[in-house]
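J.: Please see the structure below; I have some questions.
The values are calculated or read from the model by the stated rules, or taken from the named source; none is laboratory data. This is a predicted model, so every value here is computed, not measured. Neighbour counts are summed over all protein chains in view; Cβ atoms, including those assigned to glycine, are modelled from backbone coordinates with ideal geometry. Surface areas here come from the heavy atoms of the whole protein model, side chains and all, with no ligands, DNA or RNA. Shrake-Rupley method; radii C 1.70, N 1.55, O 1.52, S 1.80 Å.
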Amino acid sequence: MPAVSEPTLPHTWRPLGVRLAVVFFGGLLAVVCVAAWIAVGSDVRARVSLFQRGTLVVIAGMAAAVAWGLMRCRVTAREAGVEIVNGYVRHVYEWPEILAVRLPRGAPFATLDLADGTTATAMAIQSADGGRAGVAVRELRALVERISAESLERPDPPGD
């Protein structure tokens, strides 16, 4: 694998494929739905009840909420640590909490191994993005390794 340079902080990684799919196919679906509504004619539109229209609006709203949740996924590395946003859930980890960054073959998302023995999923780094995901994992891994090494070199402050 080619070496990657460590990104400057703050740095944010976002999924590309999902964002393109939501915009393209979501927009295409909206155009098709509007065209179908116009094409059915005024006599058919007049027979659609208020409840049926409301149901369609609620379904469209739910689909938009799911799409927005997928599009807002991100991993942001800052001096203080890493912020992971998966859908509508946000997690913040300090650098010493992160032991490793992995994207195993066949896994859909990158995972962070944490000091407490658990893992955190980073939906923003998706294997579906191919080489872009590999670069993101290597960049984040380089940051974890550098900051871990720096924290080991620093002496502990004297106790009170």
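J.: Any idea which of (1) of a type in the set (S, T, N, Q); (2) more than 13 Å from the chain's Cα centre (by Cα); (3) closer than 30 Å to Val135 by Cα is the one Thr76 doesn't satisfy?
T.: Among (1) of a type in the set (S, T, N, Q); (2) more than 13 Å from the chain's Cα centre (by Cα); (3) closer than 30 Å to Val135 by Cα, Thr76 violates only (2).
J.: Let me ask something else about it. Kindly indicate the residue of segment 46-63 that is in a helix (DSSP H, G or I) and over 28 Å from Val22 (Cα atoms) and also farthest from the chain's Cα centre (by Cα) among those meeting that condition.
T.: Within segment 46-63, the first condition is being in a helix (DSSP H, G or I), and the residues that meet it are 46, 50-63.
When the remaining residues are screened for being over 28 Å from Val22 (Cα atoms), the result is 46, 50.
Working: Ala46: 42, Leu50: 37 Å.
The residue in question is Ala46.
J.: Looking at this structure, is Pro15 within 30 Å of Arg138 (Cα to Cα) and either part of a helix (DSSP H, G or I) or open to solvent by 50 Å² or more (accessible area, probe 1.4 Å) (or both)?
T.: Working: within 30 Å of Arg138 (Cα to Cα): yes; either part of a helix (DSSP H, G or I) or open to solvent by 50 Å² or more (accessible area, probe 1.4 Å) (or both): no.
Answer is no for this residue.
J.: How many residues are surrounded by 11 or more Cβ atoms within 10 Å (Cβ to Cβ) and either touching a residue at least 24 places away in the same chain (Cβ under 8 Å) or of a type in the set (A, V, I, L, M) (or both) if we restrict to segment 21-31? Don't jump to the end; show me each part of the working.
T.: Just the residues of segment 21-31 that are surrounded by 11 or more Cβ atoms within 10 Å (Cβ to Cβ), to begin with: 21-23, 25-26, 29-30.
Going one step further and asking which of them are either touching a residue at least 24 places away in the same chain (Cβ under 8 Å) or of a type in the set (A, V, I, L, M) (or both), we end up with 21-23, 26, 29-30.
Here the count works out to 6.
J.: What about Ala100, is it closer than 18 Å to Ser5 by Cβ and either over 19 Å from the mean Cα position of the chain (by Cα) or surrounded by fewer than 17 Cβ atoms within 10 Å (Cβ to Cβ) (or both)?
T.: On the way: closer than 18 Å to Ser5 by Cβ: no; either over 19 Å from the mean Cα position of the chain (by Cα) or surrounded by fewer than 17 Cβ atoms within 10 Å (Cβ to Cβ) (or both): yes.
So Ala100 does not fit the description; no.
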